[in-house]
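Here is the structure we will look at.
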Amino acid sequence: MIRISGGIAKGRKIKALDTMSTRPTLSRVKTSLFDMLYDRIQDAVILDLYSGTGNIGIEALSRGAKRVVFVENNVIQARLIKENLTIVNFLEHAEIITLNVFEAIQRLDKKRTFDIIYLAPPFLKGLVCPTIEAISKSSLLSTCGLVGVEHHKKEDVLPLVKGFSATDTLALTKQRRYGDIVISFYENKCN
């Protein structure tokens with residue numbers, strides 16, 4: 001079980017599968033993440049990639065996000081996200097897409113924009129940089145948007161990622177380390 005740490009569902013427990021294929025974000029990492037995102041969460045539209053249990057997106061909804069789109073390729077995990085959203089009564093503020101992340105990015109591109117995109121791909125699988133590049137080449141991130149990446153300390157991240165046009169770039173603006181886990185933040189420049 002995973003406990004929601006803040007907002008209107010604070011203290012509520014959601015389910016996690018008892019497998020090694022899922023790595024829910026540690027409680028202290030999640031608390032720190034949302035402390036850093038405090039001024040951006042209210043009424044934000046969020047894209048949660050590699051959603052797993054839905055822990056991060058559900059926490060965002062609890063703390064005032066307007067809507068979260070969860071992308072999880074594993075059908076069993078996607079069902080668990082729906083069950084967890086039902087437990088905390090957030091299902092009407094969510095959408096679950098059961099596709100590969102790269103297919104989902106293509107499907108959503110030019111149809112929607114997101115204030116925050118969060119990704120926590122499986123560690124050490126070479127997915128961090130390709131996913132950031134796919135996001136940067138799409139039009140998914142709003143002007144002044146933020147991309148948060150949860151990754152292993154041994155995984156390299158790009159300091160600057162060229163966007164979908166010559167003037168667009170995602171810049172690495174902040175990193176926080178928690179043992180073996182690092183959260184890296186990329187920001188889209190504001191016009």
Is there a residue in segment 66-85 that is within 22 Å of residue 122 (Cα to Cα) and among the basic types (Lys, Arg)? yes
Inter-residue pairs, beta-carbon under 8 Å, first free of Cβ contacts under 8 Å to residues at least 24 places away in the same chain and in segment 1-12, second assigned to a loop (DSSP other than H, G, I, E, B), 6+ apart: 1/15; 1/16; 11/4
Only one of 2, 56, 14 that is hydrophobic (A, V, I, L, M, F, W, C) and under 13 Å from the mean Cα position of the chain (by Cα): 56
List pairs: first in segment 180-191 and farther than 18 Å from residue 56 by Cβ and of a type in the set (A, V, I, L, M, F, W, C), second in a strand (DSSP E or B) and modelled with pLDDT of 75 or more, Cβ under 9 Å, 6+ apart or cross-chain? 190/143; 190/144
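The values are calculated or read from the model by the stated rules, or taken from the named source; none is laboratory data. Small disclaimer: the values here were computed from a predicted structure and weren't measured. Positions of Cβ are backbone-derived with ideal geometry, glycine not excepted, and every protein chain shown enters the neighbour counts.
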